[in-house]
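These notes are about the structure you will find just below.
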């Protein structure tokens, strides 16, 4: 399947999210956990979702690929390219869900030392400003929608 | 601010319950049967080589996930599908907020537990 990188959505249809957490570890430790495939595989993924693969080419323009196995056994791949790499302080990379995202999003992670801990700040930009259901989708919501559709169809069939 | 944190956890919890409910073959079969039409627990139990209390336990899991609604009428339990939780429209923003909060929590546990082990 040929894949040209999707364009970002128009400004008016995009949102930005910032999420932060203070973690008791150094920026160096956290930067390594975030960029080394062997470490990523150990912690990446929501509850009940297993990280089945991580490839990281850590250089500007380098690509990454992280695979998450969902409860229904499908694998959701998150892919993108690195734009900014400033160890141990900052990472910026494009982000899209392979086969699902119609536009490219962007994630910046900052690791700000705060004494013996680190403030980890994730800024996720260019999030499409539309219902999940408006888009072709797999994943968590997709499983549920599929089931709802199947059950509705059986009901009326 | 407190109440918005609470509602985020609630929808997370609800999603957990739905997944747990759907993660069992018998429960999926029960849902498929109820998709055809509502039924009493005794009717639902028939096709399964399973005791009535066992089926009732499965139904309770489906109820807790709010996929099934049970009405008790004397000694008869009527069950029907409740598809409302499956249709909750959610924005990408809300989805990603939960996603990243979960990710940072997992990262914290990973590095903090790891450091604890190394200190032993």
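The values are calculated or read from the model by the stated rules, or taken from the named source; none is laboratory data. Everything quoted here is computed from the prediction, not taken from an experiment. Cβ: placed from backbone, ideal geometry, glycine included. Neighbour counts: every protein chain shown.
Filtering the stretch A:68-114 to residues that are modelled with pLDDT of 95 or more and part of a loop (DSSP other than H, G, I, E, B) leaves A:87, A:88, A:89. Out of the residues in the stretch A:78-91 meeting the condition of being surrounded by fewer than 18 Cβ atoms within 10 Å (Cβ to Cβ) and free of Cβ contacts under 8 Å to residues at least 24 places away in the same chain, tell me which one is farthest from residue A:108 (Cα to Cα). Only one residue tops the list, namely A:86.
Whether any residue in the stretch A:42-52 is surrounded by fewer than 19 Cβ atoms within 10 Å (Cβ to Cβ) and away from chain B (no Cβ under 11 Å) is what I want to check. Yes. Here residue B:53 fulfils each of the conditions (1) modelled with pLDDT of 85 or more; (2) surrounded by 13 or more Cβ atoms within 10 Å (Cβ to Cβ); (3) assigned to a helix (DSSP H, G or I) apart from (2).
One residue stands out in the stretch B:20-30 among those that are part of a helix (DSSP H, G or I) and closer than 11 Å to residue B:61 by Cβ: the one that is nearest to the other protein chains (Cβ to nearest Cβ), namely B:22.
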